[in-house]
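The values are calculated or read from the model by the stated rules, or taken from the named source; none is laboratory data. What you are looking at is a predicted structure, and each value in this text was computed from that prediction instead of being measured. All Cβ positions, glycine included, derive from the backbone under ideal geometry; neighbour counts span all protein chains shown. Side chains included, ligands, DNA and RNA excluded: accessible areas come from the protein's heavy atoms. Shrake-Rupley method; radii C 1.70, N 1.55, O 1.52, S 1.80 Å.
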Amino acid sequence: SGFVSSIKSSRRVRRDEDHWIVEQVMTGRVGIFRKRVTLLLEVNESPLQKISFRDISKKSFKSYSGSWEIANSGNGIQVVYKLEALPSFFSPDFLAVGAFKRSVKLLLEEVRDEIIDRSPPENLKPTD
C-alpha cells in the first residue's frame, strides 16, 4: 500500500455493483517468527460513514472481518477501527494477542500519519 508497512501488496481484483474484491498480502511478526498472510477481502462502502470488510478466501484466517467507521466529532472527524480475526495457523495466545495488538497499533499510526500528510494545513488542529 505504500504507507502501511505491513501491507506488501494490495490490488483491486474486481468491482461489483455493491462491493469490491481486494487481494492483500501482508507480513506479520509473532515472537521471532515472520508470517505471510494472504487475504481476499470483500469490501462494502457507505460513503463518508463506513467501510466494512471480510476475508472470503479463508487462506490465512478462519475468520477475519472488520470496519472503519467515520463520524463527525465536534470540530473534527472520528475514525473507529474494528477487527475480529481468528488465524488458521497455530500461534500460542500469549504471543498472538500481543502481536495483533502491536500490528494494529502500528497500522493505525501509519494511517493517521498519511491522513495528516494529505490534509491541507488549515484543516489540521494542534495535538497535545
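Order 18, 113, most accessible first, counting only protein heavy atoms with a 1.4 angstrom probe. Before the final figure, lay out each step's value.
Numbers: 18 105, 113 70 Å².
Result, largest first: 18, 113.
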### Message
At R0 = 25 Å, how high is the FRET efficiency between residue 19 and residue 119 if r is their beta carbon distance? Nearest 0.05 is fine.
### Response
0.35
### Summary
Ordering 20, 68 by the accessible surface of their heavy atoms, 1.4 Å probe, largest first, yields 20, 68
